[in-house]
Amino acid sequence: MRGKYLQKIEDTFVRKMKRKNFLLHFAHLIVSLQAKLRLIMEKKKYLFVALLFTMVQGVVFTSCGKEDNRVPPQPEPKVYFTLWNQCDALTELKAYVEDVTNPKSSNYISAEDRIATFDMDGTFIGELYPTYFEYNMLEYRALDDPSYKDIAPDDVREAAQNIRDFVRNGTALPSHFDMIHAKAAAKAYAGMTLAEFDTYVKKYAATPANGFKGMTYAESFYKPMLEVFDYLKDYGFTNYVVSGSDRFICRSLVESIGIDPNRVIGMDVCVSSNEQGENVGVDYTMGKNEYLIRTDSLIIKNLKTNKVRQISQEIGKMPVLSFGNSSGDEAMHNYCLSNPKYRTATFMLVADDNERDHADLEEGARREEKWRKNGYTVISMKNDFKTIYGYGVEKTDFVFE
């Protein structure tokens, strides 16, 4: 009797297992088996029960493992440009990048030649608080820094006073002040080691940005433009900062956004060994225990065609993308557009937002007209950016002490 009953159960089990939805049927079979097993257990058939349960469990777990064809969850696609409004500039940038990174496109650019150059001040970091960061820092160094103001040379103090009169009283800066400032700045920080200068820059940058609430100078990046860096990096571009500001200032400021120091080009002063003295480099061998210091000798002010010269000498390749905001960047843009090998694109930011920034609207309008005539794509900070410095930052009046 018992043998026939078991044979019937096994025949039912095999038949059910062959069906497509065997797990569902098997579940029903288990329920049926449980009822029958309770009867068997009442008859003290413990050994048989143990063997039957072993058989059932083995089939269930083996079958479930074989039939678990669930697709693992896929990561969400990365979303770019969350801080931009829909605008022509963004459309043009994305269309350009998608074209030149598409291997099937006739405009395809291999990754090693995807060179993008960015000016710094006014292109992806503030310059209206109330003027360039390096101008503000020199003013502080020569006129307010208790460790230096009483020993600052007269020409350094004069340059710093020119900046103070400009930002506080609107007095026009002297002609060719970019060079006057560069030479004064070279003197103002001469003798500092590179580490000491880096510390000095970061300490000043940690102070509140004049004309804003909720932001230090170190935090004053145009947040939408940081998204451009991120986007281009993901598409295989190498981003270079090519600024008119001191190279070592730039390095200190952009370190926090992940730009390597060897991707930074800027105004340069000579550095030398601390023991070198008046000896020229070709006649002096630096010792193992010596270190580099800044000197008061200016090498180059990195503006206009000097930017092109530095790009050519340091990068060794022509850019295919270029971003700027002023006349100091036109030569760099034109150099990019003259690339004979690849499709190129250039973008100019216009400071046209006096609600969230301290923009001169008339100057912004003049620049926009000029950039469009020159064939550069215009980025409007007012119309294209959802935010400039971040949603927690507020524009305020300038405060001078």
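Values quoted throughout were computed directly from the atomic coordinates according to the rules given, and no laboratory measurement underlies them. Because the structure is a prediction, the values reported are computed rather than measured. All Cβ positions, even for glycine, are placed from backbone atoms using ideal geometry, and neighbour counts span all protein chains on display.
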Given (1) closer than 20 Å to residue 132 by Cβ; (2) among the polar types (S, T, N, Q); (3) in contact (Cβ under 8 Å) with a residue 12 or more places away in the chain, number of the condition residue 344 does not satisfy = (1)
Among 182, 190, 205, the single one that is in contact with a helix residue (DSSP H, G or I) (Cβ under 6 Å, 6 or more places away or on another chain) and touching a residue at least 24 places away in the same chain (Cβ under 8 Å) is 205
Do we have any residue at all in segment 356-375 that's surrounded by 20 or more Cβ atoms within 10 Å (Cβ to Cβ), touching a helix residue (DSSP H, G or I) at 6+ places or on another chain (Cβ under 6 Å) and not hydroxyl-bearing (Ser, Thr, Tyr)?
-> no
Residue 166 versus (1) over 14 Å from residue 246 (Cα atoms); (2) in contact with a strand residue (DSSP E or B) (Cβ under 8 Å, 6 or more places away or on another chain); (3) aromatic (Phe, Trp, Tyr): which is the lone unmet condition?
-> (2)
Would you pick out the residues in segment 347-401 that are closer than 23 Å to residue 320 by Cβ, part of a helix (DSSP H, G or I) and touching a residue at least 60 places away in the same chain (Cβ under 8 Å)?
-> 384
Here are some residues: 284, 235. Which one is more than 27 Å from residue 203 (Cα to Cα) and touching a residue at least 60 places away in the same chain (Cβ under 8 Å)?
-> 235
Residue ID - surrounded by the most Cβ atoms within 10 Å (Cβ to Cβ), chosen from residues in segment 107-157 that are of a type in the set (Lys, Arg) and farther than 21 Å from residue 320 by Cα = 141
Across segment 297-319, what is the total count of residues that are more than 17 Å from residue 267 (Cβ to Cβ) and buried (at least 24 other Cβ atoms within 10 Å of the Cβ)?
-> 1
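Listed here are the residues, each with its yes/no results for (1) outside any helix (DSSP H, G or I); (2) over 17 Å from residue 250 (Cα atoms); (3) in contact with a strand residue (DSSP E or B) (Cβ under 7 Å, 6 or more places away or on another chain).
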| site | (1), (2), (3) |
| --- | --- |
| 180 | no, yes, no |
| 184 | no, yes, no |
| 187 | no, yes, yes |
| 191 | yes, yes, yes |
| 196 | no, no, no |
| 201 | no, no, no |
| 204 | no, no, no |
| 210 | yes, yes, no |
| 218 | no, no, no |
Looking at segment 134-144, is at least one residue part of a loop (DSSP other than H, G, I, E, B) and either hydrophobic (A, V, I, L, M, F, W, C) or under 23 Å from residue 351 (Cβ atoms) (or both)?
-> no
